[in-house]
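Asks: Starting off with a structure, shown below.
The values are calculated or read from the model by the stated rules, or taken from the named source; none is laboratory data. Please read all numbers here as calculations on a predicted model, not as lab measurements. Quick reminder, even Gly has a Cβ in these numbers, built from the backbone with ideal geometry, and neighbours come from all protein chains shown.
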Amino acid sequence: MTALVAASRSGYFTCFCGPTPCGGALSSVYVVAGCLIALAFALARLFEDVPLQKKSNRKMSCCYVCRSICLSGCILSMLPSLIEKTMTTHTIRTLESGDYEYVSSVVDEWWGGRPVRALVHRIFFDHLNATSYAIGPSDAVQAFLIGFVSQSKPNIAYIHFVGVTPAARADGLARMLYEHFFNVVGARGCTEVHSITSVVNTASIAFHRKLGFTLLPGSGEIDGLPVALNYAGEGQHRVRFHKSL
């Protein structure tokens with residue numbers, strides 16, 4: 001057992017009968033716990049199923065015991081990060097003026113270098129933020145949604161822009177923001193939500209469809225999609241979305 005603990009502290013775990021399938025820094029506490037659990041089951045199998053008088057069987061059983069111990073240690077060493085990820089909570093707050101500096105400095109990078117900064121104008125942070133939301137502190141925003149209730153059509157809410165840092169795109173933050181927006185504007189009397197995206201943004205189109213948006217009819221068709229031609233200027237075609245609340 002002392003050797004097992006020492007191996008875990010060294011950062012690489014080696015089975016006595018050969019390298020195990022895992023390496024890297026392992027938590028000694030979880031490795032030792034895995035060792036104890038695996039050892040109990042492995043020894044039970046060893047004495048129950050394998051004739052000890054055969055040397056080859058003893059060696060094979062030794063390998064089984066050692067590898068079971070090491071593999072259990074590897075699995076249990078992952079538990080802290082898995083538990084932490086599961087228990088992580090994301091707080092949705094109202095977008096604020098103080099968020100502008102950080103968001104405007106990273107949004108082009110989030111879009112893979114596309115120049116989209118002009119779309120997140122400061123006016124949305126200062127004067128149109130009552131139904132716009134963010135996740136994360138002002139100096140490290142993880143995700144944000146800019147949306148508002150139409151002044152000319154008060155039954156319609158409009159989502160102007162949504163951004164999520166690439167590092168958190170598997171965490172469901174965009175869906176959280178959208179659903180929060182739906183609840184808020186629905187409580188304000190809105191019965192529809194509208195939004196748009198570019199024709200080439202297939203990921204956005206698929207995402208909106210998963211959330212229950214439908215594609216509005218357009219003045220043309222591109223790649224089988226109804227498109228509003230020249231919607232945002234000459235050559236700036238857009239796919240328009242609609243969702244009933």
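Asks: In the range 149-163, is there at least one residue being in contact with a Phe, Trp or Tyr (Cβ under 8 Å, 6 or more places away or on another chain), buried (at least 20 other Cβ atoms within 10 Å of the Cβ) and farther than 19 Å from Asp99 by Cβ?
Replies: Yes; the residues of the range 149-163 include at least one that is in contact with a Phe, Trp or Tyr (Cβ under 8 Å, 6 or more places away or on another chain), buried (at least 20 other Cβ atoms within 10 Å of the Cβ) and farther than 19 Å from Asp99 by Cβ.
Asks: Let me ask something additional. Check off (1) of a type in the set (Gly, Ala, Ser); (2) over 24 Å from Ala170 (Cα atoms); (3) at pLDDT 60 or above; (4) part of a helix (DSSP H, G or I) for Ser61 and give me the number that stays unchecked.
Replies: Status for Ser61: all satisfied but (3).
Asks: Here's another thing I want to ask about it. Please go through the range 150-183 and give me each residue that is of a type outside the set (Ser, Thr, Tyr) and assigned to a strand (DSSP E or B), ordered by number. Can you show your working first?
Replies: Filtering the range 150-183 for residues of a type outside the set (Ser, Thr, Tyr) gives 151, 153-157, 159-164, 166-177, 179-183.
Of everything in the range 150-183, those that are of a type outside the set (Ser, Thr, Tyr) and assigned to a strand (DSSP E or B) turn out to be Ile156, Ala157, Ile159, His160, Phe161, Val162, Gly163, Val164.
Asks: While we're looking at this one, here's another question. Among the candidates Arg209, Arg240, Arg175, Arg169, which residue alone is crowded, with 18+ Cβ neighbours inside 10 Å and either more than 24 Å from His90 (Cβ to Cβ) or basic (Lys, Arg) (or both)? Full working, then the answer.
Replies: Numbers: Arg209 fails: crowded, with 18+ Cβ neighbours inside 10 Å; Arg175 fails: crowded, with 18+ Cβ neighbours inside 10 Å; Arg169 fails: crowded, with 18+ Cβ neighbours inside 10 Å.
Exactly one residue qualifies, and that residue is Arg240.
Asks: Taking the range 207-245 on its own, how many of its residues are assigned to a strand (DSSP E or B) and over 27 Å from the mean Cα position of the chain (by Cα)?
Replies: The initial filter retains those residues of the range 207-245 that are assigned to a strand (DSSP E or B), namely 214-215, 220-222, 225-228, 238-244.
Next, only the ones that are over 27 Å from the mean Cα position of the chain (by Cα) stay: 220-222, 225-228.
Of the residues in that region, 7 qualify.
Asks: Is it true that some residue in the range 192-206 is exposed (fewer than 13 other Cβ atoms within 10 Å of the Cβ), of a type outside the set (A, V, I, L, M, F, W, C) and either assigned by TED's automatic domain parsing to the domain that holds Glu109 or not in a strand (DSSP E or B) (or both)? Working first, answer last.
Replies: Taking the range 192-206 as the starting set, the residues that turn out to be exposed (fewer than 13 other Cβ atoms within 10 Å of the Cβ) are 200, 203, 206.
Applying the additional criterion that residues be of a type outside the set (A, V, I, L, M, F, W, C) yields none.
Scanning the range 192-206, I find no residue that is exposed (fewer than 13 other Cβ atoms within 10 Å of the Cβ), of a type outside the set (A, V, I, L, M, F, W, C) and either assigned by TED's automatic domain parsing to the domain that holds Glu109 or not in a strand (DSSP E or B) (or both), so the answer is no.
Asks: Looking only at the range 139-149, which residues are in contact with a strand residue (DSSP E or B) (Cβ under 8 Å, 6 or more places away or on another chain) and either more than 15 Å from Tyr178 (Cβ to Cβ) or not in a strand (DSSP E or B) (or both)? Walk me through how you get there before you give the answer.
Replies: Step one: of the range 139-149, the residues in contact with a strand residue (DSSP E or B) (Cβ under 8 Å, 6 or more places away or on another chain) are 141-149.
Residues satisfying the conditions are Val141, Gln142, Val149.
Asks: Between a first residue in the range 126-153 that is assigned by TED's automatic domain parsing to the domain that holds Ala167 and a second residue that is of a type in the set (Asp, Glu) and in a strand (DSSP E or B), which pairs have beta carbons less than 9 Å apart while being 6 or more apart in sequence or on different chains?
Replies: These pairs meet every condition: Lys153/Glu192.
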